Structures are given as structure tokens and as C-alpha cells.
1. In square nanometres, what is the average projected area of the Cα convex hull of the range 159-296?
2. What FRET efficiency do you get for residue 254 and residue 149 if R0 is 22 Å and r is their Cβ-Cβ distance, rounded to the nearest 0.05?
3. Give the shape of the range 84-313 as rounded, prolate or oblate, defined through the alpha-carbon gyration tensor: a ≥ b ≥ c are the square roots of its eigenvalues, a/c under 1.5 means rounded, and otherwise the shape is prolate if a/b is larger than b/c and oblate if not.
4. Starting with the highest mean, order 90-100, 273-283, 237-247 by the number of other Cβ atoms within 10 Å, averaged over the residues of each peptide.
5. Once the Cβ-Cβ distance between residue 271 and residue 138 is put in as r, and R0 is 35 Å, what FRET efficiency do you end up with, to the nearest 0.05?
6. Could you work out how far the C-alpha centroid of the range 180-200 sits from that of the range 125-163, in angstrom?
7. How do 104, 250 line up, fewest other C-beta atoms within 10 Å first?
8. Give the calculated FRET efficiency between residue 199 and residue 311 to the nearest 0.05, with a Förster radius of 35 Å applied to their Cβ-Cβ distance.
């Protein structure tokens, strides 16, 4: 396009008779060129404006996870194994307790919650009273994490070295996630997730029972985050169903982790009714006294069962030695 001077520098043909005015065609051509430039500028401005539009508002947050209305059917058939409080002592446990002069061995399996459960039972069932509480739990493990650690194979190795008379299991804190197995990704609590996790749980329980141990499963407490809490509730319902099929005592921790108003609280009443700090700052785990609150009933049941095993073995219940009558730990 031919360049033209600015309007301020065009000659004045009306006042200067010495200058012949140009023909109309060049003037019209120049005006057309200016119009094209103006049109292109408008288009460019519109495109720049689009580039700088405000970002769209984020989508609304998804509703809290509630899980399916009911756990999917499990391939595991119900068994006739009685609950722990009603079980007849296993002959293998009786023989071990007799050989150990009354010492009753307990293995605690689980993730980071399992570690807390072990610490609580370690203090509630001390060696001075004839108990040996073994920590078989490991943080960051679970039934959806077999690609990182096969907890069943780990349990087999642990039990081969240290057979137990009772097992306490507490998993789930790391399992609120999809499961990749059989070449597919199974969403949390989907039918595939429940089928595979249910089969793994059944095999795990069979493994810990292989030494004649009685088994208890301790569920998860209420969580501070409502989405995570909904996930844990759905999973605990699934675990409880599996334990019913397998004849394992399931301990529901949720009622014991709610405040008097039925809500999450870091402070819960102790035995005297005085509020005490029982939860950690992450809103997930508990501190020592909190775990002891959850395991108090289980410790009592284990003690009653151990008494029946000792009676069948014909050995007395060990007690504190005269040199350390007040000792409760090791």
C-alpha cells in the first residue's frame, strides 16, 4: 500500500491557487487504505480483548463422598467361626501358652493406625501380667498398596518367626483411593475395588489365623475432614461386612471418637468425664490416650480370652513380681 502523509501536512488547495488539486481517484484510494487499516485494527483489538478475558469461575466443589448405598456382594461365603468372645481356645495357642508358662502373645497388624493401636495395647496388656504385644504394623501400607508392599507376604514371614495367640488388625487410613489391579483402575468402593480388596482381606485373615490366633479388627475413628470422613465410613461399613462373613470381631471406633454432641472433636472426655486432648493436629490420627480409649474394650476381651487359654493350658495367670508390684510396662 502506498504511504500517504498525515492530514496535518496535506496542502490547502482552496487557499493556494498555485497548486493544482489532485484527481479524486488517488484521494479515494488513500481513504480506502485508511479504512482497511482501521478495520484491521478493530479486529486485532477484539482478538487481544478475548485473550485478556477474566478466567471462568471454577466449577463447584463435588459433594462429599458417600459411597454406595450398600457394599457390593463379596465372593467370600459366610463361615460358622464364632466371635472372639465366644471362641473355644485353639489347641495350638493352648500348647504355646503352656510352653511359655502362661505368656500370651498378641500381634498387631496395620498401618500408622496400627502403630497407635499397638502402643495402646502395649500399655494395657503389659508383660508383667503375662502378655507379649508385638508390633507387626507398618505405616503407609494397606490393601490397595500391594504394588509397594504385599502385607500378606510380610505377615507370613513375621508369623513364621513369631507365632501369635491373638491378632489385632487396623487398616484403612491409606486405602481411600482407587486400586490398580488386573490391568484396570478400580475407583474407590466400586464393585471391582470391593471384590479385590475383599479377597485380599480374606487371605490376610487366613494368614494371621494360620498359627491358631483369634482375630479382632478395629475400625477407624471419625475424621475432621467431611469428605475423608464419608470415605472412611463407607470403607468401615465394607470392612464390617467382611468381618461378619469371616467370623471376626469388628470393633466400631466411631462412637468412641465422637464428642457428647456426636461431632468430631480433638478433646474427648476421659474416664472421669474430663475433656482431654486425644487427637493429633492432622485431624486424622490420635495421641496415646486417644488410642487407649479405642482399644480399652478390646484389651478386656483379649484378657478374658487369654484367661480361657491359660485355664485350658493348666497354667496360672502371671502377675507382677514382688520386686516390681506397680510395674505396668516392660
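Here, each number is a calculation from the coordinates, and none is a lab measurement. Computed from a prediction, not measured in an experiment: that's the story for all the values here. Note: ideal-geometry Cβ built from the backbone for every residue, glycine included; neighbour counts use all protein chains shown.
1. Answer in nm², one decimal: 9.8.
2. That pair, residue 254 with residue 149, gives E of 0.20.
3. oblate
4. Result, highest mean Cβ count within 10 Å first: 237-247, 90-100, 273-283.
5. That pair, residue 271 with residue 138, gives E of 0.65.
6. Cα centroid of the range 180-200 versus Cα centroid of the range 125-163: 23 Å apart.
7. Lowest to highest Cβ neighbour count: 250, 104.
8. Efficiency at R0 = 35 Å is approximately 0.45.
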